[in-house]
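Read-outs throughout are calculated quantities, based only on the coordinates presented, and are distinct from any laboratory measurement. Model, not experiment: these values are computed from the prediction. A quick note on method: Cβ atoms are made from the backbone with ideal geometry, for glycine too, and the neighbour counts reach across all protein chains shown.
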Amino acid sequence: MKIIAEKINGTRKRVAQAIQERDAAFIQNLAREQAAVSHTAWVDANAGTAPQREPDDLIWLVETIQSATDKPIALDSANPKALEAAIKVVKTKPMINSISLEPGRRDIFPIVAEHDCPTVALASGEKGLPKTQEECLDNIARLLEKTRSMGIRDSNLYVDPLAMTIGSGIQNGLIFFDSVREIRRRFPEVHITCGLSNISFGLPARTYINRVFLALSMQAGMDCAICDPNNHDIQTTILATELLLAKDKHCLNYTRAFRAGVFNKPV
């Protein structure tokens, strides 16, 4: 299971302040603590600033993160100019977050193809979010037609079926699990990801929902998540679920994590 570590995001008030004030120490600390988690594969970098200043801000974020960790970075922007600027300063091949069939993201496809980057591929279509499971799967199929025509490998795609909050529809969890299974059946080489906390938006005690959703999604075939890697419930749920799904040979990851104090030891 891979994690795209989500905390360096300019939509968060404290991160936005750090970007504005060029508070490198704050960003470096966030980068280090997220990178220290074994399942973290990429540290997300989202400036979230106005288009005209985003290229400079994203470059600063990338350089600041790279001064704190060697973990690859996920360049999180829908602004092609920001992506093109930032990709010139990355030291390790980045992930690009994200492409979709939406008109505003069409200029990102050539960047992904040119640099052979892993990329998050959203299931949204020309009119935005899919309204049904069938529309979601159709959007993904058409998106893969486009990526394949441009020479983008299926194995570089991290397809996001777009989990919808359970609060707006009690079937949304089941729809997501079924979508993951169908994507895995139709397109066996792609990876599958999602913004983990979307499922619990608007509900109380969200961590309980998120960790069960994570386990069930992994069982359905999801192999990546956009989340807070420092959340204790996320760490332990991944370890236990990988163990039960026979993805932890000889139980080594689980037992080593226990000895390292990752789990709360019983009294």
Checklist entry - Over segment 140-267, what is the mean sequence separation of C-alpha contacts under 8 Å (at least six apart), divided by residue count, expressed as relative contact order in percent? => result 20
Item to check | DSSP-assigned coil residues among trypsin sites (Lys or Arg not before Pro) in segment 20-89, each with at most 11 further Cβ atoms within 10 Å | outcome: 22, 88
Item to check | Dipole-positive endmost among 82, 218, 124 within the chain (Cβ charges, Cα centre) | outcome: 218
Next on the checklist: Placing unit charges on C-beta atoms (Lys and Arg positive, Asp and Glu negative, everything else neutral), compute the dipole magnitude of the chain about its Cα centre in debye, rounded to 20.
Outcome noted: 580
Checklist entry - Given H placed on each backbone N at 1.01 Å, which residues far from residue 2 in sequence or on other chains put an amide H within less than 5 Å of it? => result 224, 225
Checklist entry - Taking the simple approach of a point 7 Å from Cα along Cα-to-Cβ for both residue 245 and residue 263, what is their distance in nm? => result 1.9
Checklist outcome for this item: Percent antiparallel among DSSP beta bridges confined to segment 22-144, nearest 5, equals 10
Checklist entry - Within segment 185-267, which trypsin sites (Lys or Arg not before Pro) sit in a loop by DSSP and count at most 14 neighbouring Cβ atoms inside 10 Å? => result 247
Checklist entry - When the Karplus curve 6.51 cos²θ - 1.76 cosθ + 1.60 is applied with θ = phi - 60°, which whole-Hz ³J(HN,Hα) does each residue of segment 8-22 get, with x for Gly and Pro? => result 8, 9, x, 6, 7, 4, 5, 5, 4, 5, 5, 5, 4, 8, 6
Checklist entry - What ³J(HN,Hα) values, in whole Hz, does the Karplus curve 6.51 cos²θ - 1.76 cosθ + 1.60 give for segment 227-237 when θ = phi - 60°, with x put for Gly and Pro? => result 6, 8, x, 7, 5, 4, 5, 5, 4, 6, 5
Checklist outcome for this item: Counting sequence-distant residues (5 or more places) and residues on other chains, those with an amide H built under 5 Å from that of residue 77 are 97, 98
Item to check | Cα principal axis extents for the chain, largest first, Å | outcome: 54, 45, 36
Item to check | Loop trypsin sites (Lys or Arg not before Pro), segment 115-183 (other Cβ atoms within 10 Å of the site Cβ: 14 or fewer; DSSP) | outcome: 127, 131, 153
Checklist outcome for this item: Straight-line reach check, residue 93, cutoff 29 Å on alpha carbons, 8 or more apart in-chain or any other chain, hits among lysines -> 2, 7, 13, 71, 81, 146, 247, 249
Next on the checklist: Amide H of residue 10 versus every other amide H placed in the peptide plane: which residues, excluding those fewer than 5 positions away on the same chain, fall under 5 Å?
Outcome noted: 46, 47, 48
Item to check | Considering only segment 117-267, percent of DSSP beta bridges that pair antiparallel, nearest 5 | outcome: 10
Checklist entry - In the Gaussian network model of the chain, springs joining C-alpha atoms below 10 Å, which of 191, 250, 115 carries the largest mean-square fluctuation? => result 250
Checklist entry - Which whole-number percent is the relative contact order of segment 26-93 (Cα, under 8 Å, 6+ apart)? => result 37
Item to check | Gained length - residue 145 relative to residue 126, 0.36 nm times residue gap less alpha-carbon distance | outcome: 5.4 nm
Checklist entry - Which one of 16, 246, 35 has the biggest mean-square fluctuation once the chain is modelled by GNM with Cα springs under 10 Å? => result 246
Item to check | Antiparallel %, DSSP beta bridges [both residues in segment 2-229], to 5 | outcome: 5
Item to check | Extent along principal axes [Cα atoms of segment 1-142; Å; largest to smallest] | outcome: 45, 36, 30
Checklist entry - Hey, if you put +1 on the Cβ of every Lys and Arg and -1 on every Asp and Glu Cβ in the chain, which of 179, 101, 151 ends up farthest toward the positive end of that dipole? => result 179
Checklist outcome for this item: Computed, not fitted: 222 nm per-residue ellipticity of the chain from DSSP H runs ≥ 4 (each -39500 (n - 2.57)), nearest 500, equal to -13500 deg cm²/dmol
Checklist entry - Can you run phi through the Karplus equation (6.51, -1.76, 1.60; θ = phi - 60°) for segment 66-76 and list ³J(HN,Hα) in whole Hz, with x for Gly and Pro? => result 5, 6, 10, 7, 8, 4, x, 10, 9, 7, 9
Item to check | Relative contact order, percent, the chain [alpha-carbon distance under 8 Å, six or more residues apart] | outcome: 15
